[in-house]
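Working notes, structure below.
The values are calculated or read from the model by the stated rules, or taken from the named source; none is laboratory data. Note that the structure is predicted; figures quoted are calculated from it, not measured. All Cβ positions, even for glycine, are placed from backbone atoms using ideal geometry, and neighbour counts span all protein chains on display. Remember, those area values only see protein heavy atoms, side chains included, never the ligands or the DNA or RNA. Shrake-Rupley method; radii C 1.70, N 1.55, O 1.52, S 1.80 Å.
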Amino acid sequence: MTSRSLTDRLGGLAFGGDYNPEQWDEPVWKEDDELMRRARVNLATVGVFSWALLEPEEGRYDFTWLDAHLDRLHANGVAVDLATPTASPPPWFTLAHPDALTVRPDGTRLVHGSRDTYCLTAPAYRNAASRIAGALAARYGDHPALALWHVHNEYATLCYCDHTAAAFRVWLRARHGSLDVLNEAWGTAFWSQHYTSWEQVLPPRATNWHHNPGQALDFRRFWSDVVIAAYREQRDAIRAHSDRPVTTNLMLPGYQNIDLWALARELDVVSCDQYPSAPGLGAAADVAFHADRARSLGGGRPWLLMEQGTSTVYDGDRVLAKDPGDILRHTLGHIARGSEGALFFQWRQSRAGAETWHSAMVPHAGPDSRIFREVTQAGVAVARLGELAGSTLGAQVAVLHDPDAWWALGVDGLPTTDLDYHAALARAHHTLWDAGVTVDFAHPAHELSRYPLVVAPALFLLSDAAAENLRRYVSDGGTLLVQHACGYVDDRLHARLGGYPAAPLREALGIRVEEYRPLRRTEQITLSDGTQGTAWSESLRTEGAETLATYTHGMLAGSPALTRHRFGTGQGWYLSTRLDDAGHGALVARLLAEARVGPEMPGLPPGVEATTRRAPDGRRWRFLINHGTEPVSLPESAHDLLTGGTVSELPVGGCAVLRSA
Ligand code: GAL
């Protein structure tokens, strides 16, 4: 068990980033010390990619250089988040253990030269990873600088090698028990896929046309279990020598093939990295989406933003710069939603190597730069927020997330490729964010009764247990919005027969979907309330529900598009297409009103983000961020932690953290 929390050890919230001093030399380290003090850095992530220096040859460790950096950081008042370097095995390792290199689905075995080129099922890799984690923990487990352990980095590599095939078979035997059950689950009666021995079963390697969907889904589940087992091994090797909290940094929403609910249960503190994929307001919405997911993964406990970029927006084939002021707005955007601080990748921008052009806290231009000035401003702001460490948020709305549903929408042979799981989740969240409401994410089988409103945007796969849970939620008084293509398959990817969605949910919704009719990429379908649908439509019958809007043309003319069913003491709403933004916003506003859920701070103009962190003793802090184009007057003046004074107006782009009396 861990002794003290991260913020106890730091004496406040965390501010800092990945620190790779091995890229530099003595004069730069001296400058780093001075600049870290200036920027109020109190936590540095060290050693993430340092395996080749820490273990220059198999079994021979060299910790002298790391000793010196940890001592220096400690003397400078900077605590350490010490990483295990296992995301980047050194060349000697891959040459000695070629069987531990990643194999792609097409059989290509990769070679070293980048990072993340390993196979988590290769015994040589797993042993080497646990060994170095244990060796680091034995040396630094109670180092006074040490505040947190950072296992690996963003576990994301999938592998299709023979080790993986063998491990996959072991996992399948445990899951299915017998080949007969596996054959039935995977529907191998079709296309002559029937297996007569376990040795015939393979990972979903490159093949002609569609993969078997059951095989593809089980492989995703299997790989998630492999990642969690690999994490646990390192964590346990560390815990044998150290009582400091242990985490691994997650990357949301879909970069890692992991059941993040399951992995989060293994973490002492959830930590996540976040790089927006759109600039401006899109980036702010992305920050909120990621932060709400990160908090929800830990069941509402405070979490930690492990990485963000000072000026990094991944936009397809280019990396865009952030807007002036975004460093502070994004930093506070995460803290506003439960992060215990904000860290960056990385402290000093590399002058050579693979990430030379990635933004950093100290850019190539040096400290006399807009970026470093903004970093310092953010560091000073975070240092003023120490009193809210440990406080949490409450949400009245939940958006449902199930990794099985995500993976189910990734298999071959679906009616359209337009059912993008994470885009649907982000859209549901964005609409609620626009409405000023704080959102949790929850698994469809979780206890949901504390949420007056639950939104289920993309549950193509729905297990029997989850369908029953949602039925009970509505019957017991909840308001549930289920969106198109929901509950079409069970947890083996077998189609629900007799009409979609799964029977218990049909009962709660009072409808039966008879036919799905995907729309062409540019097609729009008009509903009787004037809204437009895209991507998908359905022919459905009401079985107790009232019809709120119908389709107006084509074969679906006159048939229900949006329905509501009063069931038990709750309401089940069903929307059978993807609505345009205005229509979706209006629907969500109506549902919020039905469920009596108001915005976090009523009366704010659009574009002003508001959240509230609460301490168990009743203290409250309200975060306000003005993303709009006009200054905003506050309903009453209040004490702002950021300025230490009283504020009554929020300028364009401005932020405030108001302490309630
Ligand atoms: C993260 C990764 C960092 C760095 C960063 C660049 O995903 O953990 O090591 O590569 O991306 O954006």
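Per-residue ellipticity at 222 nm for the chain, helices alone: DSSP H runs ≥ 4 residues times -39500 (n - 2.57), over residue total, nearest 500 deg cm²/dmol? Helix contribution divided over all residues of the chain: -9500 deg cm²/dmol. Going by a 4.7 Å Cβ-Cβ cut-off, which cysteines of the chain have no partner at all? Flagged as lacking a Cys partner: 161, 272, 486, 655.
Between the residues 625, 644, 660, the greatest Cα displacement towards the positive end of the dipole of the stretch 608-660, with unit charges on the Cβ of Lys, Arg, Asp and Glu, is found for 660. Pairwise inverse Cα distances across the chain, averaged and inverted, put the Kirkwood hydrodynamic radius at 26.4 Å. Is there a quick way to get the dipole size of the stretch 397-595? I mean about its Cα centre, with the Cβ of Lys and Arg at +1 and of Asp and Glu at -1; what is the value in debye to the nearest 20? Computed about the Cα centre, the dipole is about 300 debye.
Average accessible surface for the chain: 38 Å² per residue, computed with a 1.4 Å probe over protein heavy atoms with every protein chain in place. The heavy atoms of residue 414 present about 40 square angstrom of accessible area, all protein chains included, probe 1.4 Å.
Fully extending the segment from residue 255 to residue 543, taken as 0.36 nm per residue of separation minus the present Cα-Cα distance, adds 99.7 nm. Based on Cα contacts under 8 Å between residues 6+ apart, the stretch 397-595 shows a relative contact order of 20 percent. A 1.4 Å probe over all protein chains sorts 514, 307 by accessible area into 514, 307, starting with the largest.
Could you calculate the contour length gain from residue 189 to residue 210, that is, 0.36 nm times the residue separation minus the distance between their Cα atoms, to one decimal place in nm?
6.0 nm
In the chain, a dipole from Cβ-located charges (positive for Lys and Arg, negative for Asp and Glu) runs towards its positive end, and of 338, 247, 595 it is 595 whose Cα lies farthest in that direction.
Helices from the chain with mean Kyte-Doolittle at least -0.5 and a Cα length along the axis of 15 Å or more, per DSSP H: which? Helices passing the filter in the chain: 64-75, 123-140, 162-176, 280-297, 370-383, 421-434, 581-594. Note on the stretch 129-287: Rg/Rh from Cα positions, Kirkwood definition for Rh, rounded to two decimals, is 1.07.
For the chain, a simple Cβ point-charge model (Lys and Arg +1, Asp and Glu -1, everything else neutral) yields a dipole of about 820 debye relative to the Cα centre.
Across the protein chains, with a 1.4 Å probe defining accessible surface, the residues 449, 391 rank 449, 391 from largest area downward. Each principal axis of the Cα cloud of the stretch 546-626 was evaluated for its coordinate range; sorted largest first, these ranges are 57, 34, 17 Å.
Once the chain from residue 357 to residue 447 is taken as fully extended at 0.36 nm per residue, the excess over their C-alpha distance is 27.9 nm. Overall, the stretch 421-538 carries a charge dipole of about 200 debye about its Cα centre when +1 sits on the Cβ of Lys and Arg and -1 on the Cβ of Asp and Glu, all other atoms neutral. In this structure residue 660 has an accessible area near 40 Å², from a 1.4 Å probe over the protein heavy atoms.
Residue 401 sits with roughly 10 Å² accessible to a 1.4 Å probe, with DNA, RNA and ligands left out of the calculation.
Accessible-area rank, largest first, for 484, 430: 430, 484, with all protein chains present and a 1.4 angstrom probe. Of the solvent-accessible surface of the stretch 441-505, computed with a 1.4 Å probe over protein heavy atoms with every protein chain present, carbon and sulfur atoms account for 49 percent. Overall form of the stretch 397-595: rounded. Here a/c, set by the Cα gyration tensor axes a ≥ b ≥ c, is under 1.5. Summarising the overall dimensions of the stretch 608-660 from its C-alpha atoms, the Rg and Dmax are 11.0, 36 angstrom.
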